[in-house]
Amino acid sequence: CPGFSCTTTVQVRGDSPWNKKNVLNSLMSGALAGAVAKTAVAPLDRTKIMFQVSSKRFSAKEAYRLIYRTYLNEGLWSLWRGNSATMVRVIPYAAIQFCAHEEYKQLLGSYYGFQGKALTPFPRFIAGSLAGTTAAMLTYPLDMVRARMAVTPKEMYSNIVHVFIRISREEGLKTLYRGFTPTIIGVIPYAGLSFFTYETLKKLHADHSGKLQPSPPERLLFGACAGLIGQSASYPLDVVRRRMQTAGVTGHTYSSILLTMQEIIREEGLIRGLYKGLSMNWVKGPIAVGISFTTFDLTQILLRKLQHSSNIER
C-alpha cells in the first residue's frame with residue numbers, strides 16, 4: 001500500500017483466520033450483490049446502452065418502444081441479452097469492489113487512527129474510489145465484451161468466447177481495452193461518491209436514531225441515494241466509454257476521450273448527447289445500487305451469524 005505505513009498491519013491481518021473468513025465473506029457477499037442487482041435491471045441496462053451508442057434522441061416513450069419492439073421481434077429473453085456476459089463481469093467486479101472497499105477501510109482506518117470506528121468524509125471517499133478503480137482495472141475486458149453483446153444481434157456473436165475471438169482476430173487485442181481511460185476516470189467519482197453517500201447515510205442514521213443497523217428498506221433508500229448521486233456525477237464518461245467500446249460495430253472511430261466528446265456534442269448537443277439516457281439511469285441506477293448495497297450488507301450479516309453459530313457449536 002504505497003504511501004502508507006501499514007506493512008505490519010497487513011501481515012497481522014493476513015495471518016488471522018478470522019480476517020481470511022471476513023475476506024471470503026466479503027467476496028461472496030459482493031458477488032451475490034452484483035448478480036442480483038444487475039439481473040434485476042438488465043432490460044433497462046441494455047436499452048440504455050443501445051441509446052448511448054446511437055444518435056437517436058432519448059425519451060421515455062422511445063425507450064418503451066425500443067423495449068417493446070425488441071420483445072416482439074426477438075422474444076422476452078432477448079431483453080436479457082448480454083446478461084450472461086454481464087454476470088461473468090459483474091460477479092468478479094462486485095466481489096472485488098466490495099471486498100477491496102472493506103480492506104481499504106481497514107487500511108485507511110489504521111493510517112488515520114480510526115481503527116474500529118467510522119472513517120471521516122475524505123478517507124471514506126478515497127476508500128470507495130480505490131475499491132472501484134481496483135475492480136475496474138481487473139475486469140475491464142469483460143465490460144467491453146458485455147457492451148458489444150448488448151448492441152449487436154445474436155447472429156453476430158454466439159457467446160462470450162466468440163466475442164473475445166472475433167475482436168482479437170478482426171480488431172486486435174488492444175480493442176479489448178478501448179474506452180479504458182474514461183472508465184477509470186469515471187469510476188473514481190462514481191464509486192467514491194456511491195460508497196461515501198451510503199456509508200455517510202448509515203452513520204447519520206445511527207447517530208440520530210440510536211440504532212446500530214438500519215432496516216432493509218432504509219438500506220435500499222440509502223443505496224438508491226448513493227446510486228443517484230454517483231451515476232449522475234460520472235454519466236458523461238459512461239456515454240464516452242460506451243461509444244469507444246462499440247466503435248467497431250457502429251462504424252465510428254473514436255481515438256480519444258476529448259475527440260469522442262467533441263463529436264458527440266457536435267452531432268447531438270451537450271445535454272442530448274453526453275447525458276442521453278440519464279433519466280433512465282435515474283430509474284435503473286438507484287434500484288440497482290440500492291439492491292446491491294442491501295444484498296451485500298444482509299448477506300454479510302447472515303454469514304457472520306452462521307459463522308458465530310458454528311463457532312458456538314464447536
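Residue by residue through segment 151-160, which ³J(HN,Hα) values in whole Hz follow from phi under the Karplus form 6.51 cos²θ - 1.76 cosθ + 1.60 (θ = phi - 60°), with glycine and proline marked x?
So the Karplus estimates, Gly and Pro as x, are 10, 10, x, 5, 5, 6, 10, 7, 7, 4 Hz.
Normalised by the residues of segment 59-177, what does the relative contact order come to in percent, with Cα pairs under 8 Å and at least six apart?
With pairs under 8 Å counted, the relative contact order is 28 percent.
Jot down the radius of gyration and Dmax of segment 65-108, Cα atoms only, both in angstrom.
17.3, 52
Once ligands and nucleic acids are excluded and a 1.4 Å probe is used, how much of Thr134 is accessible, expressed in Å² to the nearest 10?
Rounded to the nearest 10, the figure is 40 Å².
Over the chain, what relative contact order in percent results from Cα pairs under 8 Å that are six or more residues apart? Let's see the in-between values first.
Details: 408 pairs, mean separation 77.3, N = 314.
Relative contact order, the chain: 25 percent.
Can you work out ³J(HN,Hα) from phi for every residue in segment 78-87, in order, using Karplus 6.51 cos²θ - 1.76 cosθ + 1.60 and θ = phi - 60°, giving whole Hz and x for Gly and Pro?
My calculation for segment 78-87 gives 5, 5, 9, 4, x, 5, 5, 5, 4, 5 Hz in order.
Excluding same-chain residues fewer than 8 positions from Lys61, which lysines have a Cα within less than 18 Å of its Cα?
Within the straight-line limit of under 18 Å, Lys61 reaches these lysines: Lys48, Lys276, Lys284.
Once the piece of chain linking Ile184 and Leu306 is laid out straight, how much longer is it, given 0.36 nm per residue of separation minus the C-alpha distance between them?
Between Ile184 and Leu306, full extension yields 40.3 nm more.
What FRET efficiency would be calculated for the residue pair Leu204, Arg272, taking the C-beta separation as r and a Förster radius of 51 Å, to the nearest 0.05?
Computed FRET efficiency for Leu204 and Arg272: 0.90.
Which residue, Ala63, Thr86, Gln52, has the largest displacement toward the positive end of the dipole of the chain when charges sit on each Cβ (Lys, Arg +1; Asp, Glu -1)?
Ala63
Give the peptides 94-103, 72-81 in descending order of average Cβ contacts within 10 Å, highest first.
Taking the mean over residues of other Cβ atoms within 10 Å, the ranking is 94-103, 72-81.
Provide the per-residue ³J(HN,Hα) series for segment 163-171, in order, calculated from phi with Karplus coefficients 6.51, -1.76, 1.60 and θ = phi - 60°, each as a whole number of Hz, with x at glycine and proline positions.
Those phi angles translate into 4, 4, 5, 5, 4, 4, 6, 8, 10 Hz.
Of the listed values (1) 0.99; (2) 1.02; (3) 0.95, identify the label whose number matches Rg/Rh (Cα atoms, Kirkwood Rh) calculated from this model.
(1)
With contacts defined as alpha carbon pairs under 8 Å and 6 or more residues apart, what's the relative contact order of segment 144-248 in percent?
Details: 84 pairs, mean separation 40.5, N = 105.
That works out to 39 percent.
How big is the C-alpha Rg of segment 59-177 next to the rule-of-thumb value 2.2 N^0.38 Å, as a ratio?
On the way: Rg = 19.4 Å, N = 119, 2.2 N^0.38 = 13.5 Å.
It is 1.44.
With 24 Å as the cut-off, how large is the P(r) tail for segment 178-276, expressed as percent of Cα-Cα pairs?
Working: 1852 of 4851 pairs.
Considering segment 178-276, 38 percent of its Cα-Cα pairs are separated by more than 24 Å.
For the Cα atoms of the chain, what angle does the longest principal axis make with the long axis of helix 216-245, in degrees from 0 to 90, nearest 10?
Long axis of 216-245 versus the principal axis of the chain: about 40 degrees.
Assign unit charges at the C-beta atoms only (+1 for Lys and Arg, -1 for Asp and Glu), then state the dipole size of the chain relative to its Cα centre in Debye, rounded to the nearest 20.
Taking the Cα centre of the chain as origin, the dipole is about 400 debye.
The values are calculated or read from the model by the stated rules, or taken from the named source; none is laboratory data. All values reported here derive from a predicted model rather than from experimental measurement. A quick note on method: Cβ atoms are made from the backbone with ideal geometry, for glycine too, and the neighbour counts reach across all protein chains shown. For the accessible areas, the whole protein counts, side chains as well, though only heavy atoms, and no ligand, DNA or RNA atoms are used. Shrake-Rupley method; radii C 1.70, N 1.55, O 1.52, S 1.80 Å.
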